[in-house]
Amino acid sequence: MKLNCLIVDDEPIARKGLEEYIQEISFLQLTGSCESAQKAASLLEQQPIDLMLLDIRMPKLSGIDFLRGLQNPPLVIFTTAYSDFAVESYSLDVIDYLLKPISFDRFLKAAEKALDYYSLKQKSTVDPQSDYFFIKCDHKFEKVHFDNILYVEAMQNYCILHMSGRKLISYITLTHLQNKLPSSRFMKVHKSFIVAVDKVTGLEGNHLTLGSFHVPISRSLKTEVAKRVLGNNLLSR
């Protein structure tokens, strides 16, 4: 398996360094290299890209704004000389955040994370008739039954699956996991939380209770969550 890579950086020396790193890694393949987000947008339309190495501070359009505007972005590793945007980058589901100058060892580690995530994504299609799925945790695949999930919590690029009696931590984004969970049974109630609707035992203010657990509700989703949780089962005078 090879990941098709696109380098987007306005600095020629930075592009050259990344190109040399890519050539040294067997599972990476350089598909394109450009100096602006505008040219990157054109390349993304012309050929399949699996991994984009994206600078942040570039003329006219920053890497962050460019990524936000993409409908179906590839996997992304930010490569930048500035640490200011690290926290913001996590909300964009990027694979890693590399600070220049980037050592080969650090680049290789980020590339391996991208390969692991890509491989997991390829293998994680859930049969709609199935009541379980497998997820990678601590270098092994764990079987997870939908019935056992209470809620899912996002932690940067990881997700914690809270279940009856145990929890699993996996290198996967909340968005990707949400796409694999049946919407008839699960609902995103906050930017960092998905709950099993039938496991909700109470609703108070901006929180749901699931047994002894408390999960926050986004203000913008409060009405939708209440409607979904209470449904036609609300008794009142």
Relative contact order for the stretch 57-189: what is it in percent, counting Cα pairs under 8 Å that are at least 6 residues apart?
15
Checking the a/c ratio against 1.5 first, then a/b against b/c, what shape does the Cα gyration tensor give for the stretch 125-237?
prolate
Quick one: check the C-alpha center-to-center distance for the stretch 201-217 versus the stretch 48-86, whole angstrom.
36
With +1 at each Lys and Arg Cβ and -1 at each Asp and Glu Cβ, the charge dipole magnitude of the chain around its Cα centre, to the nearest 20 debye, comes out at 920
Run down the aspartates and glutamates and flag those whose C-alpha is under 16 Å from the C-alpha of LYS100, throwing out any fewer than 8 positions away in its chain.
ASP9, ASP10, GLU11, GLU19, GLU20, ASP55, ASP84
Bridge type composition, the chain - antiparallel percent by DSSP, nearest 5
65
Tell me, what % of the accessible area of the stretch 51-117 is carbon and sulfur with a 1.4 angstrom probe?
51
Which of the following values of Kirkwood radius over Cα pairs in Å was calculated from the structure shown: (i) 19.6; (ii) 19.0; (iii) 18.4?
(i)
Between LEU234 and LYS39, what length comes free when the chain is fully extended (0.36 nm per residue of separation minus the Cα-Cα distance, one decimal in nm)?
64.7 nm
In the chain, which whole DSSP H runs stretch at least 18 Å along their own axis (Cα) and average -0.5 or higher on the Kyte-Doolittle scale?
none
Expressed per residue, the solvent accessible area of the stretch 1-150 in Å² (1.4 Å probe) is about 54
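Suppose a student asked you for the relative contact order of the chain, using Cα pairs under 8 Å spaced at least 6 residues apart; what percent would you report?
10
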What 222 nm value per residue comes from the helices of the chain, counting each DSSP H run with n ≥ 4 as -39,500 (n - 2.57) and dividing by all residues, nearest 500 deg cm²/dmol?
-8500 deg cm²/dmol
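The values are calculated or read from the model by the stated rules, or taken from the named source; none is laboratory data. It should be emphasised that the depicted structure is a prediction, and the values quoted were computed from it without experimental measurement. Note that each Cβ is placed from the backbone with ideal geometry, even for glycine, and that neighbours are counted across all protein chains shown. Accessible surface areas use protein heavy atoms only, side chains included; no ligands, DNA or RNA. Shrake-Rupley method; radii C 1.70, N 1.55, O 1.52, S 1.80 Å.
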